[in-house]
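> Dropping the structure in here first, questions after.
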Amino acid sequence: MTDIQIQAKDLSKVYVRGSEKIIAVNKITLEVDKGDFVSFIGPSGSGKTTLLHLLGCLDDPTSGELSIEGRTVVSDGKSLPESKLSPLRRKLFGYIFQKFYLIPTLTVKENILLPFAFHRKPGLAMTANEVAERLGLSKRLAHLPKELSGGEMQRVAIARAIINRPRILLADEPTGNLDSKRSEEISEILSDLNRSDGLTIILVTHNPKLATKAHRIIELQDGRII
Amino acid sequence: MIKRLVLLFLALSPFLAYAATGCDLNDPDRDVKRLFPTSTGYKTSYASIQKSGGKATLAAVEKALGDKFGGLYETIDAPYTIYTIYKGNSVIGYVHGVNQKGAYGGLQVFLALDTKGKITGFYYQKLSSKNAAKFKAAAFANQFTGLSLADFATLDIKTGKGTGKAALIKNPSTATDKDFLNTLRGVKKNLVLMNVFIYNK
Amino acid sequence: MPTISGIAYKNLRRKRIRSILTILGIALSTWVLVSLLGFNRGYENSLNKDIDNLGFQVLLTAKGCPYEAATLMLQGGQGLRYMPENTVDSLRADKEVEELTPMLMQTVFDPGKGEEGGVVGYLGIDPATYPKMKPYLTFREGKWFSGENSMEAVMGFESAELEQREVGDQILIPGKNVEVTVVGILNRSGTQDDGTIFMPYKSLQKIFGVQDKLTSVGIKLKKTANINAYEEKLYTIPDVQVVSIAQVKNTISNLVSTARVMVMSIAIIAILIAMVGVMNTILMSVWERFQEIGIMKSMGATTSHIFRLIWLETTILCLFGGIIGSLLSVVLAKATGALIRYILPYSPTGSLIRIDAPLVLESMGIILFIGLLSGIYPSLRAARIKPIEAIRSSEGEL
Ligand SMILES: Nc1ncnc2c1ncn2[C@@H]1O[C@H](COP(=O)(O)OP(=O)(O)OP(=O)(O)O)[C@@H](O)[C@H]1O
Ligand SMILES: [Mg+2]
């Protein structure tokens, strides 16, 4: 049995700005196994974020093929319609970004539980307390985001991303806004999620320490894997 | 046709509501010229007992008149219109009218006065009476000319008796006609008020 | 656990001042709307009551004769026409007539009234039937006449004031040298009756030498009667004209409808302004939360979730605004009535604005509907936000 979870073939993303063509992602072919921990590194502008968004079904490629858990998402450069993509994202993915995107009017607990306002995976979902416990947020549940440190905010964002038990966690420079100590904490958490929950993690980072936690490091340049 | 009637009706309702409580000259330009032929102009001003001292003044006025004030036209805030008559820049007299209850309706008793308070003219602007002609005759009106408040001071307006010159004024109508006494009351009230508003200010 | 409605509510609280101002705008529109709808009904109602107060639905007058004493006076006392008194008997024979009352108008020139004299009008009425038809005429002092031939008068409020008459005083009919005793003074009614001097019509006939003559007859029909058919019948009587109160009412309604259209346009403008206000508030809040909304979508919120979220915010604003506005309109009904009275060319007595529960609900429904309508566009815009746009848009920010 193959454990291939994400399969990309000749995936490209081209931005056209006036007469200028920017090839952000250039014919990338890539496979990610279930439970894998992959990190993308590379200079700024090399296409890491763009690739991550393509793999996470957040963005439409210009050409290529993409299938996730055997389901074809992009075929010959054509993505599924939004109405099909939306449930797919909800079921499979959790996202973390450099910015935390917490809702300022909601408490930590409410922020963590926000996905439940729209959807709750039957039987699979964790409770807020469980997640908070794991991420060391138990004492912070009643606070508002503005009362937290940056590291805590990112942990809330992670908690929110995993509460519905996604199968793939996508993280775009999750420590970009944090100092080295906080970054260490976050990278520990990600490793742990990968190790003990079997969560597939695809990570974009400039942080070499964080990158080395991954099983595989993929380096990009000018939209290609080198 | 109906529409016109309704419009009339609409036009009339505010008309009715504005039945004045003051006592104005019907045609001031013409009336002033008739009463003061040498006048060159006039100014209109408004006075009331309220504005001239209130309750204390009312009591003084009633004492001088020898009768209580009562009814719609004798309230403390009833407005009085005073016409000040000019010849060039100098004041030569006043015109002032009062409402007075009469036997068959309201009387409007107007006086023309000189700057000292002496009557130079007397006439009714409004009068309902069987003997209207006698009351409006010059023979009656002329008897007021030259009199002033002092002449009315002792006049009892309920009997027409007194010691001053005013007591000599003759009733032009029958002895039972109350409008003679009503007229005397109106004239005396007029003079008393003018004393308060102008001469004794 | 957060719910869509909870998120919506908390978001409105975040921008408190803005939400309050928007609610206030909606409240004002609701106030205007409720008041105007209430006015539409109250006005109709009061007008009908006023007309009923006239006591008779049909007034029969001699051809060319004005039908109110005050109108007659305004025309300088000219234009009196008569019909024979026995017209009343033939009218009474008709089964559709419930009651009728004969009237005789007379005018006289009073040389003592002002410098040039003036016209005084008298309305001769039948003490047996007239007071019953005009129950709203109430006395400030005194009562109706002691008999149908008595030399007595009842004075309208204004005319009594003008002549300083009280009960027991005399008035003089100028030129006739007839003394009449005042036996009653009416309360102010705001109608032409205030300026009228009433006398028994038989006495007037005698004084003015117009025996067996009338100027008009007021006719009250049975409830079952067909007014139009009856009026047609009246026209077969020679030398009369029929003044139908229904016609008068129509004319007044027409006069007022112009003003009503104006007032209604103001209402529509107020509502449009509120609508633009709502749209603006919601759109602003959508743009401010562009990223938030994108992230919600990335975590599973569907287009319809987001649409519902934003639409709910609109609903909450409109609901609060509507409730406050309705309360406002109920509390201020009197003041609003006075304001409208001031604007309108003619307004009936009685309460101009009638507000009740169904009306309030109806207006709130309208406001809610309009609010929701104006929420559709911002909600659609929000629902269409793509997560990728939201996330990309924040890159380059700190
Ligand atoms: N919306 C866009 N329109 C046009 N060009 C874009 C757009 N988004 C990204 N690009 C371009 O695509 C290329 C890849 O961008 P991308 O954000 O993937 O790089 P990155 O590796 O994530 O860089 P960084 O490390 O700075 O985040 C860049 O040259 C960028 O300018
Ligand atoms: Mg990037």
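The values are calculated or read from the model by the stated rules, or taken from the named source; none is laboratory data. Bear in mind that the values here come from a model prediction, so they are computed numbers and not experimental data. Methodologically, a virtual Cβ is constructed for each residue, glycine included, from the backbone with ideal geometry; neighbour enumeration extends over all protein chains shown. Accessible surface areas use protein heavy atoms only, side chains included; no ligands, DNA or RNA. Shrake-Rupley method; radii C 1.70, N 1.55, O 1.52, S 1.80 Å.
> Kindly report, to the nearest 10 Å², the accessible surface of C:MET296 as traced by a 1.4 Å probe over protein heavy atoms only.
0 Å²
> In whole percent, what relative contact order does segment A:96-194 give with Cα contacts below 8 Å and a gap of six or more residues?
Details: 110 pairs, mean separation 41.1, N = 99.
Over segment A:96-194, the number comes to 42 percent.
> Another one. How long, wide and thick is segment A:124-194, going by the Cα atoms along their three principal axes, in whole angstroms, largest first?
33, 28, 16
> Please list, ordered by chain and number, the residues whose modelled amide H lies under 5 Å from the amide H of B:GLY102; skip anything fewer than 5 residues away on the same chain.
Amide H neighbours of B:GLY102: B:LEU107.
> Okay, next question. Quick one: order C:SER5, A:SER191 from most to least accessible surface, probe 1.4 Å.
Values: C:SER5 60, A:SER191 10 Å².
Solvent-accessible surface, decreasing: C:SER5, A:SER191.
> I need the Kirkwood Rh of segment A:1-138: take the reciprocal of the average 1/r across all distinct C-alpha pairs and report it in angstrom. Display every interim value, and only then the final one.
Numbers: mean 1/r = 0.0582 Å⁻¹.
So the Kirkwood estimate lands at 17.2 Å.
> If you don't mind, there's one more thing I want to ask. Taking 51 Å as R0, compute the FRET efficiency from the Cβ-Cβ separation of A:SER67 and C:ILE273 and round it to 0.05.
Working: r = 54 Å, r/R0 = 1.05.
With a Förster radius of 51 Å, E is 0.40.
> Largest first, how would A:GLU152, C:GLU389 line up by accessible area (1.4 Å probe)?
On the way: A:GLU152 30, C:GLU389 85 Å².
Descending accessible area places them as C:GLU389, A:GLU152.
> Of A:LYS146, A:LYS139, B:LYS118, which has the most accessible area and how do the rest follow, probe 1.4 Å?
Per-residue accessible area, sorted high to low, gives A:LYS139, A:LYS146, B:LYS118.
> Leaving out same-chain residues fewer than 8 places away, which aspartates and glutamates sit with a Cα under 14 Å from that of A:LYS78?
Excluding near neighbours in sequence, the set is A:ASP10, A:ASP59, A:ASP60, A:GLU65.
> Let me see the P(r) profile for segment B:73-187: every Cα-Cα distance counted, bins of 10 Å, each bin given as a percent of all pairs.
Taking all Cα pairs of segment B:73-187, the binned fractions are 14, 44, 34, 8, 1 percent.
> So which of A:LYS9/A:LYS34; A:LYS34/C:LYS297; B:LYS136/C:LYS206 end up more than 21 Å apart by C-alpha?
On the way: A:LYS9/A:LYS34 18 Å; A:LYS34/C:LYS297 25 Å; B:LYS136/C:LYS206 30 Å.
In this structure, A:LYS34/C:LYS297; B:LYS136/C:LYS206 lie more than 21 Å apart at Cα.
> Output the relative contact order of chain A, whole-number percent, from Cα pairs under 8 angstrom with separation of 6+ residues.
29 percent
> Please work out, to two decimal places, the log10 of the ratio I(q)/I(0) at q = 0.09, 0.12, 0.16, 0.18 Å⁻¹ from a Debye calculation in which every Cα of chain B carries one identical scatterer.
-0.36, -0.63, -1.06, -1.31
> Once phi is turned into θ = phi - 60°, what whole-Hz ³J(HN,Hα) does the Karplus curve with 6.51, -1.76 and 1.60 give for every residue of segment C:304-310, x standing for Gly and Pro?
6, 4, 5, 4, 4, 4, 6
> Along the Cα-to-C-beta direction of C:ARG140, a point sits 7 Å from the Cα; which residues of segment C:169-191 have their amide N less than 19 Å from that point?
C:169-172, C:181-191
> While we're on this one: Starting from the Cα of A:GLU130, step 7 Å along the direction of its Cβ; do the same at B:ALA138; then give the gap between the two resulting points in nm.
Modelled inter-label distance: 12.2 nm.
> Checking the cross-link filter: which aspartates and glutamates have an alpha carbon closer than 15 Å to that of B:LYS134, excluding same-chain neighbours under 8 positions apart?
The reachable aspartates and glutamates, counting only those whose Cα sits under 15 Å from B:LYS134, are B:ASP177, B:ASP179.
> For segment B:20-81, what number results from the quotient of the Cα radius of gyration and 2.2 N^0.38 Å? List each step's numbers first, then the result.
Values: Rg = 14.6 Å, N = 62, 2.2 N^0.38 = 10.6 Å.
Compared with the compact-globule rule of thumb, segment B:20-81 sits at 1.38.
> Pop out the ³J(HN,Hα) list for segment C:197-212 in order, Karplus 6.51 cos²θ - 1.76 cosθ + 1.60 with θ = phi - 60°, rounded to Hz; leave Gly and Pro as x.
10, 8, 9, x, 5, 5, 5, 4, 4, 5, 4, 9, x, 10, 4, 6
> Determine the dipole magnitude for segment C:64-238: charges of +1 sit on the beta-carbon of Lys and Arg, -1 on that of Asp and Glu, nothing else is charged, the reference point is the Cα centre, and the result goes in debye to the nearest 20.
Working: 18 positive and 25 negative charges, 103 e Å.
With Lys and Arg at +1 and Asp and Glu at -1, about 500 debye.
> Nearest 0.05, what FRET efficiency do A:THR29 and C:MET284 give at R0 = 45 Å with Cβ-Cβ as r? Each step should come with its number before you reach the end.
On the way: r = 45 Å, r/R0 = 1.00.
Once the sixth-power term is evaluated, E becomes 0.50.
> What is the projected area of the convex hull of the Cα atoms of segment C:217-319, averaged over all directions, in nm²? Display every interim value, and only then the final one.
On the way: hull surface 49.9 nm².
Value for segment C:217-319: 12.5 nm².
> Moving on to the next point. Label-point separation (nm) for C:VAL331 and B:LYS63, each offset 7 Å from Cα along Cα-to-Cβ?
If labels sit at C:VAL331 and B:LYS63, their model points lie 5.2 nm apart.
> Using only C-alpha atoms and all pairs of different ones, pull out the Kirkwood radius for the protein assembly as shown in Å with one decimal.
Values: mean 1/r = 0.0281 Å⁻¹.
It is 35.6 Å.
> Can you list residues whose amide H is under 5 Å from C:VAL178's amide H, if they're 5+ apart or on another chain and H is modeled 1.01 Å from N?
HN-HN under 5 Å from C:VAL178: C:ILE173.
> For segment A:103-226: lysine pairs with Cα atoms under 16 Å, gap of 8 or more or different chains, count? Walk me through the numbers before you get to the answer.
On the way: A:LYS109/A:LYS139; A:LYS109/A:LYS146; A:LYS181/A:LYS209; A:LYS181/A:LYS213.
Total qualifying Lys-Lys pairs in segment A:103-226 comes to 4.
> For A:PHE97, what residues show an amide H to amide H distance below 5 Å, using hydrogens built from the backbone and excluding near sequence neighbours?
So A:PHE97 has HN proximity to A:ASP172.
> On a straight-distance basis, which aspartates and glutamates could pair with C:LYS222 in a cross-link, Cα separation under 15 angstrom, same-chain partners fewer than 8 positions away excluded?
Hits, sequence-local ones excluded: C:ASP52, C:ASP94, C:GLU96, C:GLU98, C:GLU99, C:GLU231.
> Over all alpha-carbon pairs of segment C:64-238, lay out the pair-distance distribution in 5 Å bins, whole %, shortest bin first.
Once binned at 5 Å, the Cα pair distances of segment C:64-238 give 1, 8, 16, 21, 20, 16, 9, 5, 3, 1, 0.
> Using the Karplus curve 6.51 cos²θ - 1.76 cosθ + 1.60 with θ = phi - 60°, what ³J(HN,Hα) values do you get for each residue of segment A:100-107, in whole Hz, with x for Gly and Pro?
For segment A:100-107, the Karplus-derived couplings read 8, 6, 7, 7, x, 7, 9, 6 Hz, x marking Gly and Pro.
> Size of chain C along its principal axes in angstrom, Cα-based, largest extent first?
104, 45, 35
> Say the cut-off is 24 Å between C-alpha atoms; which of A:LYS99/C:LYS10; B:LYS43/B:LYS116; B:LYS126/B:LYS189; B:LYS33/B:LYS118; B:LYS43/B:LYS165; A:LYS13/C:LYS386 go over it? Write out the running numbers ahead of the final one.
Working: A:LYS99/C:LYS10 22 Å; B:LYS43/B:LYS116 18 Å; B:LYS126/B:LYS189 16 Å; B:LYS33/B:LYS118 18 Å; B:LYS43/B:LYS165 31 Å; A:LYS13/C:LYS386 17 Å.
Listed pairs above 24 Å: B:LYS43/B:LYS165.
> Then there's this: Normalising by the residue count of chain B, find the relative contact order in percent from Cα pairs under 8 Å and 6+ residues apart.
For chain B, the relative contact order is 18 percent.
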